[in-house]
Amino acid sequence: MGVFDQMSHYDYGEVHLKRDAATGLQAIIAIHDSRLGPALGGCRFIHYETEEDALVDALRLARGMTYKAAITGIAHGGGKSVIIKPRQEFDRAALFRAFGSFLDDLGGHYITAEDSGTGLEDMEIVRTATKHVTGVKPEHGGSGDPSPFTALGVRRGIEACVKYVMGRSDMDNLTVAVQGVGHVGYHLCKELHAMGAKLTVADIDPLKSERANREFGAEVVELDDIYSVECDVFAPCALGSALNDGTIPRLNCKIVAGAANNQLAEPRHGEDLMQRGICYAPDYTINAGGLVNVAQEVIGYDADKARDKTLQIYDTIYEIVERADTAMAPTSRIADTIAEERLRSAVQR
């Protein structure tokens, strides 16, 4: 599919491309929708096999941000950026300064933040070239790493699912299989361990799994075995498309609730989970804590307000699960319906 075909497929929008020969920067900024306000979403910095893979990733992620902002009640549209990580040696600081200049050219139409492959120091470099960046140091008006807020929201979403499905208000001795224990996955394990949950983890980086074992007593399994672990909750916290034709039949859980974006490889997989009797917490709803946090930076950071709004993810997830059960429809479809209703009611800016 060509670029415009891809944009049509994901109901776009606009896409901005930048190549900077001096630094090796190859970046895509995808702005899906701005009816609710300027687009806000993170910057991903990973290797891609093809340019089309990078484009599709940006398009899918930005669309998810539109829905995430709408369903969470945040006055922002959906956007995302990806930087194709160079295979050859490169100057990271120079590359992110070039990206900051690219971002600044859009004049605040898109605001960036951290994502897979980027961190606080990268955002600090971007900040030297533009003010349209969040997730920077507190002394610069930011809130630092948003991962703890994302994890907090996911933990609250898991609690909502556990309450609805199992009738429990506690997590004591519940078993949770966490796929990916990087920034967010690690903090989620910390949250769950503090509540008495028993953890099983897998990560492409064995050192991260070992840390979860050492700090939280988590059982470590091979990366591909995590899908088959007998557990109460399966929490995908790595990259997208973890829920697909090959993995869904292997799941041995009551609930799927994790931090990864675009967990369903295709929309029909939400139906597949429902047919198997598995309660699915829609990804862009349960993982909205990070967005809530960085959005607060745009209007003047207040940690208490960010935390309070993140805690409300419990109520949103519970409502979605309850409505889905009543309508006998996939939770993913119910979440989309709520978000789309809010987008349609928005005044075009």
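The values are calculated or read from the model by the stated rules, or taken from the named source; none is laboratory data. Everything numeric in this text was worked out from a predicted model, so none of it was measured. Counting neighbours? That spans all protein chains shown, and the Cβs are built from the backbone with ideal geometry, glycine included.
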Listed by first then second residue, the pairs whose first member lies in region 183-212 and is more than 19 Å from S116 (Cα to Cα) and assigned by TED's automatic domain parsing to the domain that holds A151, whose partner is surrounded by 23 or more Cβ atoms within 10 Å (Cβ to Cβ) and among the basic types (K, R), with beta carbons under 6 Å and at least 6 positions apart or on separate chains, are E191/R155
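Condition test on A93, is it on the phi < 0 side of the Ramachandran plot, part of a loop (DSSP other than H, G, I, E, B) and modelled with pLDDT of 95 or more?
Details: on the phi < 0 side of the Ramachandran plot: yes; part of a loop (DSSP other than H, G, I, E, B): no; modelled with pLDDT of 95 or more: yes.
No, not satisfied.
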When every residue in region 298-314 that is within 20 Å of L36 (Cβ to Cβ) and at pLDDT 95 or above is compared, the one surrounded by the fewest Cβ atoms within 10 Å (Cβ to Cβ) is K305
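In the set V162, V136, which member is hydrophobic (A, V, I, L, M, F, W, C) and modelled with pLDDT of 95 or more?
The match here is V162.
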Scanning region 115-161 for residues that are acidic (D, E) and under 17 Å from A306 (Cβ atoms) gives D145
- Query: Could you say whether any residue in region 263-272 is at positive phi, surrounded by fewer than 17 Cβ atoms within 10 Å (Cβ to Cβ), assigned to a loop (DSSP other than H, G, I, E, B) and free of Cβ contacts under 8 Å to residues at least 24 places away in the same chain?
  - Reply: no
How many residues of region 86-110 are of a type in the set (D, E) and within 25 Å of the chain's Cα centre (by Cα)? The answer is 1
Scanning region 315-345 residue by residue, those of a type in the set (G, A, S), within 17 Å of L36 (Cβ to Cβ) and crowded, with 16+ Cβ neighbours inside 10 Å turn out to be A335, A339
Within region 102-119, residues surrounded by fewer than 16 Cβ atoms within 10 Å (Cβ to Cβ) and assigned to a helix (DSSP H, G or I) come out as D104
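Restricting to region 273-287, give me the number of residues that are in contact (Cβ under 8 Å) with a residue 24 or more places away in the chain and either of a type in the set (K, R) or part of a helix (DSSP H, G or I) (or both).
Total satisfying the criteria: 7.
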Of the listed residues (F149, F216), the one being in contact with a Cys (Cβ under 9 Å, 6 or more places away or on another chain) and in contact (Cβ under 8 Å) with a residue 12 or more places away in the chain is F216
